[in-house]
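Presented below is the structure to which this report refers.
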Amino acid sequence: MKRNGRIFCVIIFMLVGSFVHAAGARQESNSRSTNLEFTCDSKLEMDTWQLWDARGFWLAKNQLLEKRLLASGDSYALYDFEASFHNLLNMAQRCRRLERQQQIEKLIETAYTALGALKEQPGRAWICRGGSICNNKNGLLGAEVVLNSAQFLALATDAARGIEQNDSAGFSKNFREQTISIALEHLTRWSNPSGLGELRKRIQATPADVKDGSSALFLMDSDIWQIAAYANLAGILASRSQELKDAGLGEEQIVLLKRHLSLLLRLVKTRITLQAGFAGEKSVTIADLDEGFRRLHADNRFAAYSGEEKPIDCARDGKVNGDDGEMLLQNKLKKIQPVSNLGVDISHARRLVHFFNAIERNRDALIKIFQVSSPDLPSSEVAAAFAHQLRWKVWNQDESKPLFTNYFNGANGWFRVGYNNGVGRCSEGYPPFALTNSFPTGGYIVWSTVEPILGKLGQQIYILTQSDNKANQVFVEKYYSGLRMSISGDAGVVEKLMFWPSLISH
């Protein structure tokens, strides 16, 4: 919720503990685990919108958009906006809350006013001109951060796609037209010959080609988000019987767009590893992403170390540069071997939730609008394999105190020890199970349509966060602290608005 890869969306501006406590405080009872409380029109859905009205909307509009994006030029506000509120948008769609969808649309439209011209490139873009991440050292200041743009466009096109049947809503029509135009401007720019060549190189790569800690051959988050944007855009156009040429594109541009999407899909297909796994006494197909490609990356150098002792101690060691290999490590940790089949961590894997949702909703439209062949699209069985992986390899199999490993292949070592994204901060990293909060906030709970136990685990976490039992409170404080009912900061508001919507089914 990178930041070039920041793991959680943490926005701390004002204290709101009194409201959060009042909105969530209620006696613990077994009735909470029933499905009746986790449906549209339930008290939990109403609590979610109450929290949104009281603090979430203000955070989105005033802090993320007006203060960070418009006033400071911080395009990472787009990254945070999607991470914070995409699950909320999807709940509004599931529960058919038209006015709520339009409310989120208007916020997205505010972000459109921050678009500006690029030097020597066509179309508009969000240029990073300030904030805590973009600087001259990491080369992001004054540039378009494709990750931020692609991630936000996946959300924006999802919003436009989800409301396309409500043609009587004048604002929504205008919003759709803007979104189509802006999405096509970006996708056309990213489908340039150089970008296509780089995609072909990664498609041909194997894990053996990774010789150092570079991420150059990875399947990137921005790749996944671009496919989601293509899928949603196809759904918008197909629902209106509109073709790409009707959007003002030339034949050459249309050819490049189709080729770009085809290569992106081929890249994803090469990076999904399927294998047989065991679900109790039965066999299931499980899946991992980018298997083996990430074993040498600096973020994952301690993926095989699951001890409690910190590899580095910022209080003791001071400023540590994670890029130069000179971290002050305990001697016994200097020879940790990489995990040979390591793929993505569970925080970054959350992109798959919205990716598969976009593919499934727009499968026929992708074939119609972009002439994608059906075998090139990830099947529902592939999506199910990731849900099986989460259930059987990532979850600790404890229904009362559920935890989730740091890596999607089940490895549970430290993550991002000494992480350095150019802002000069010391980072001790994330110990075993430290990314477990990605399960409730990342939207994974909606995969309960494939693995019903995932829904029950989400409900159990919800119950634990409200418990008066001391042992439960200690557990929540350690692993799900942002979801505590007593938390007083805006970070807790955001995390609840990421978590609660995922619990709400039709």
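The values are calculated or read from the model by the stated rules, or taken from the named source; none is laboratory data. This one's a predicted model, so the numbers in the text were calculated from it and none came from an experiment. Neighbour counts run over all protein chains shown; Cβ positions are idealised from the backbone, glycine included.
Assorted remarks:
- Filter result for the condition that a residue is on the phi < 0 side of the Ramachandran plot, buried (at least 24 other Cβ atoms within 10 Å of the Cβ) and hydrophobic (A, V, I, L, M, F, W, C), over Val446, Val476: Val446
- Checking Lys67 against (1) more than 25 Å from Val353 (Cβ to Cβ); (2) of a type in the set (Lys, Arg); (3) at pLDDT below 95, the condition it does not meet: (3)
- Applying the criterion of being under 17 Å from Trp500 (Cα atoms) and basic (Lys, Arg) to the residues of segment 92-113, the residue that is surrounded by the fewest Cβ atoms within 10 Å (Cβ to Cβ) is Arg96.
- Matching residues, segment 261-285, being in a strand (DSSP E or B), under 29 Å from Asn192 (Cα atoms) and hydroxyl-bearing (Ser, Thr, Tyr): Thr273
- Each residue in segment 380-403 was checked for being touching an Asp or Glu at 6+ places or on another chain (Cβ under 8 Å) and over 13 Å from Gly277 (Cβ atoms), and 2 pass.
- When each of Ile182, Ile163 is tested for being at pLDDT 95 or above and buried (at least 20 other Cβ atoms within 10 Å of the Cβ), the lone residue that passes is Ile182.
- Residue match in segment 480-501 (condition: among the charged types (D, E, K, R) and farther than 25 Å from Met91 by Cα): no
- Residues in segment 389-415 that are over 17 Å from Asp290 (Cα atoms), in contact with a Ser or Thr (Cβ under 6 Å, 6 or more places away or on another chain) and not in a loop (DSSP other than H, G, I, E, B): Phe404 only.
- Qualifying residue in segment 458-470 (condition: of a type in the set (Asp, Glu), at pLDDT below 95 and surrounded by fewer than 18 Cβ atoms within 10 Å (Cβ to Cβ)): yes
- Scanning segment 102-157 for residues that are farther than 26 Å from His348 by Cα, among the polar types (S, T, N, Q) and either modelled with pLDDT under 95 or not in a loop (DSSP other than H, G, I, E, B) (or both) yields Gln102, Gln103, Thr110, Gln121.
- Test result for Leu88, touching a helix residue (DSSP H, G or I) at 6+ places or on another chain (Cβ under 6 Å), closer than 22 Å to Met498 by Cα and surrounded by fewer than 20 Cβ atoms within 10 Å (Cβ to Cβ): no
Condition check ((1) charged (D, E, K, R); (2) touching an Asp or Glu at 6+ places or on another chain (Cβ under 6 Å); (3) surrounded by 15 or more Cβ atoms within 10 Å (Cβ to Cβ); (4) modelled with pLDDT under 95) across all residues:
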| residue | (1), (2), (3), (4) |
| --- | --- |
| Asp299 | yes, no, yes, yes |
| Phe302 | no, no, yes, yes |
| Ala315 | no, no, no, yes |
| Leu329 | no, no, yes, yes |
| Leu333 | no, no, yes, yes |
| Ser340 | no, no, no, no |
| Asn362 | no, no, yes, no |
| Pro378 | no, no, yes, no |
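- On inspection, Arg176 qualifies as at pLDDT below 95, charged (D, E, K, R), surrounded by 13 or more Cβ atoms within 10 Å (Cβ to Cβ) and not in a loop (DSSP other than H, G, I, E, B).
- Tally, over segment 363-411, of residues that are among the acidic types (Asp, Glu) and closer than 20 Å to Arg161 by Cβ: 1
- Residue in segment 230-245 that is more than 24 Å from Ser347 (Cβ to Cβ), of a type in the set (Lys, Arg), surrounded by fewer than 19 Cβ atoms within 10 Å (Cβ to Cβ) and modelled with pLDDT of 95 or more present: no
- Failed item, numbered, when Ala54 is tested on (1) on the phi > 0 side of the Ramachandran plot; (2) in contact with a helix residue (DSSP H, G or I) (Cβ under 6 Å, 6 or more places away or on another chain); (3) surrounded by fewer than 17 Cβ atoms within 10 Å (Cβ to Cβ): (1)
Let's see how each residue does on (1) at pLDDT below 95; (2) loosely packed, with under 12 Cβ neighbours inside 10 Å; (3) aromatic (Phe, Trp, Tyr); (4) under 29 Å from Trp190 (Cα atoms):
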{"position": "Leu264", "(1), (2), (3), (4)": "no, no, no, yes"}
{"position": "Lys269", "(1), (2), (3), (4)": "no, no, no, yes"}
{"position": "Ser283", "(1), (2), (3), (4)": "yes, yes, no, no"}
{"position": "Ile286", "(1), (2), (3), (4)": "no, no, no, no"}
{"position": "Leu296", "(1), (2), (3), (4)": "no, no, no, yes"}
{"position": "Gly307", "(1), (2), (3), (4)": "yes, no, no, no"}
{"position": "Ile312", "(1), (2), (3), (4)": "yes, no, no, no"}
{"position": "Asp323", "(1), (2), (3), (4)": "yes, no, no, yes"}
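Results for (1) acidic (Asp, Glu); (2) in contact with a strand residue (DSSP E or B) (Cβ under 9 Å, 6 or more places away or on another chain), shown as yes or no for each residue.
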| position | (1), (2) |
| --- | --- |
| Cys40 | no, yes |
| Met46 | no, no |
| Leu51 | no, no |
| Phe57 | no, no |
| Lys61 | no, no |
| Ala71 | no, no |
| Asp74 | yes, yes |
| Ala77 | no, no |
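- Hits in segment 358-388 - residues which are assigned to a helix (DSSP H, G or I), more than 21 Å from Val284 (Cβ to Cβ) and not β-branched (Val, Ile, Thr): Ala358, Arg361, Arg363, Asp364, Ala365, Leu366, Lys368, Phe370, Ser374, Pro375, Asp376
- Enumeration of residues in segment 116-136 that are more than 27 Å from Ser181 (Cβ to Cβ) and either aromatic (Phe, Trp, Tyr) or loosely packed, with under 12 Cβ neighbours inside 10 Å (or both): Asn136
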